[in-house]
1. K32: more than 23 Å from the chain's Cα centre (by Cα), surrounded by fewer than 18 Cβ atoms within 10 Å (Cβ to Cβ), at pLDDT below 95 and not in a strand (DSSP E or B), yes or no?
2. Return the only residue of G91, G150 being touching a residue at least 24 places away in the same chain (Cβ under 8 Å), more than 16 Å from the ligand (Cβ to nearest atom) and in contact with a Phe, Trp or Tyr (Cβ under 9 Å, 6 or more places away or on another chain).
3. Among D273, D308, which is the only one that is under 18 Å from the mean Cα position of the chain (by Cα), buried (at least 18 other Cβ atoms within 10 Å of the Cβ) and either assigned to a loop (DSSP other than H, G, I, E, B) or within 14 Å of the ligand (Cβ to nearest atom) (or both)?
4. Going through the stretch 170-184 one residue at a time, which ones are away from the ligand (no atom under 14 Å from the Cβ) and either assigned by TED's automatic domain parsing to the domain that holds G20 or in contact (Cβ under 8 Å) with a residue 12 or more places away in the chain (or both)?
5. All but one of (1) touching a Ser or Thr at 6+ places or on another chain (Cβ under 9 Å); (2) modelled with pLDDT of 95 or more hold for E319; which doesn't?
6. Out of A128, A124, report the one residue that is assigned to a helix (DSSP H, G or I) and within 12 Å of the ligand (Cβ to nearest atom).
7. For the stretch 341-382, which positions are part of a loop (DSSP other than H, G, I, E, B) and of a type in the set (S, T, N, Q)?
8. If the Cβ limit is 8 Å and pairs must be 6+ apart or interchain, which residue in the stretch 343-354 that is on the phi < 0 side of the Ramachandran plot and exposed (fewer than 12 other Cβ atoms within 10 Å of the Cβ) pairs with which residue that is among the aliphatic types (A, V, I, L, M) and modelled with pLDDT under 95?
Amino acid sequence: MTTRQKLRIGLFGYGVVGQGLHDVLNSSCGFKADIVRICVKDPLKKRRIPMEHFTFNRNDILNDDSINLVVELINDPDAAYEIVTGAMKRGKHVVSANKTMIANHFRELVEMQTKYNVSFLYEASAGASIPIIRNLEEYYDNELLHSLRGILNGSTNYILTKMHNENIPFSQALNEAIELGYAEKDPSLDIDGFDAKFKLCIITCHAYGLFLEPEEVFHYGIRNISKFDIRYAKEKGFKIKLVPYVGKTNDNTITSYVLPRFISSDKYLYNVDYEYNGIITEAAFADKQFFSGKGAGGHATGSAVLSDISALSYGYRYEYKKYLQGTVTNYTRDFRIEIYLRYKNENDRELFNFEEISEQYHSNTCNYVIGVVNLSRLYELRHKLPDMDVFIINTGRKDIN
Ligand code: HSE
């Protein structure tokens, strides 16, 4: 039996997730860990526990040799990077939920944990309460994984659910997601699809062993969704969800992207609503599997952080098995996708180079077309798309590749 290491924790951040973790730790029956110090930024903010627990100087934690685990739960990805790398350099284990920071420094952070012989765990960074990273590491380590897709952003799922169910405007639904503590400090990370993409990049490493630069991956969010799109979806019996996808195009190549997608009522993701996330894996032997759970919020995310802390006390480390196997070596964007494009100007539509068209509609106020485009073309247009009066939805209707 593995003996448990006694953990003395330095916690960074006491916002939604930090407080959530505190509650979860206080209520956990089997596991006790000692939070020695909590480092926060704002000395004037009223806290719900006595001030003697807090410090405003990160070195009070980083230079405290009695602290052997840093739990990093702050918003700012640059500060998080300094804290996490500073902790590892001092031989401290790290648990982080900062998907922006991890996705943008992924390979370096993974190399650092080997160099400094520490463990770096981040289950809460993707899918919050859904233990997808550990599943990919442990259960799928030798599986032939065809694809993984799902809902990885609670805020946009909350917004889309509210717009669908209650017909409320986008801005109102977004404000609710902010008030409920689901959205990022900068909510454009959620609504433009960055957050889902960062999570997808983290998952991709554990699913296929490739460290993708986020910039390589096409993402498109829900900022430009209109009532017309919601009405169209409803009339056809669909819901719209923001769905990141990664999958194989041949034995050693994968593709990935983040796009809104039509979901029909017979699909697993159809009933994944509000702040819930859902992930579907398709594999050669296990076949189709579906994971669902809360994807945002203090307690749900805190539960994943607790699980990492507990695993770490047993000496758990990710082994990056798919990376070491090295089966997947290539990444491609040469991939055909059927999309619904709602647009105003014919010039905009021309930009997409539609290959096949199966449906089109014109009216005085709105037009749409359904047809096949290439992901590489969408990627070329990526900087223009947010400012264009268009909305794109992956129909997900047929396998065209
Ligand atoms: N803003 C994120 C979301 C929080 O809405 O999913 C959890 O990562």
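1. Working: more than 23 Å from the chain's Cα centre (by Cα): yes; surrounded by fewer than 18 Cβ atoms within 10 Å (Cβ to Cβ): yes; at pLDDT below 95: yes; not in a strand (DSSP E or B): yes.
It is true that K32 is more than 23 Å from the chain's Cα centre (by Cα), surrounded by fewer than 18 Cβ atoms within 10 Å (Cβ to Cβ), at pLDDT below 95 and not in a strand (DSSP E or B).
2. Numbers: G150 fails: more than 16 Å from the ligand (Cβ to nearest atom).
From the options G91, G150, the qualifying one is G91.
3. Working: D308 fails: either assigned to a loop (DSSP other than H, G, I, E, B) or within 14 Å of the ligand (Cβ to nearest atom) (or both).
After applying the criteria, what remains is D273.
4. Scanning the stretch 170-184 gives a single hit, F170.
5. Every condition holds for E319 apart from (1).
6. Result: A124 is the single residue among A128, A124 that is assigned to a helix (DSSP H, G or I) and within 12 Å of the ligand (Cβ to nearest atom).
7. Those that are part of a loop (DSSP other than H, G, I, E, B) and of a type in the set (S, T, N, Q): N345, N353, S363, N364, T365.
8. none
The values are calculated or read from the model by the stated rules, or taken from the named source; none is laboratory data. Just so it is clear, the model here is predicted, and its values are computed rather than measured. When we count neighbours, we look across all protein chains shown, and the Cβ atoms used for this are built from the backbone with ideal geometry, even at glycine.
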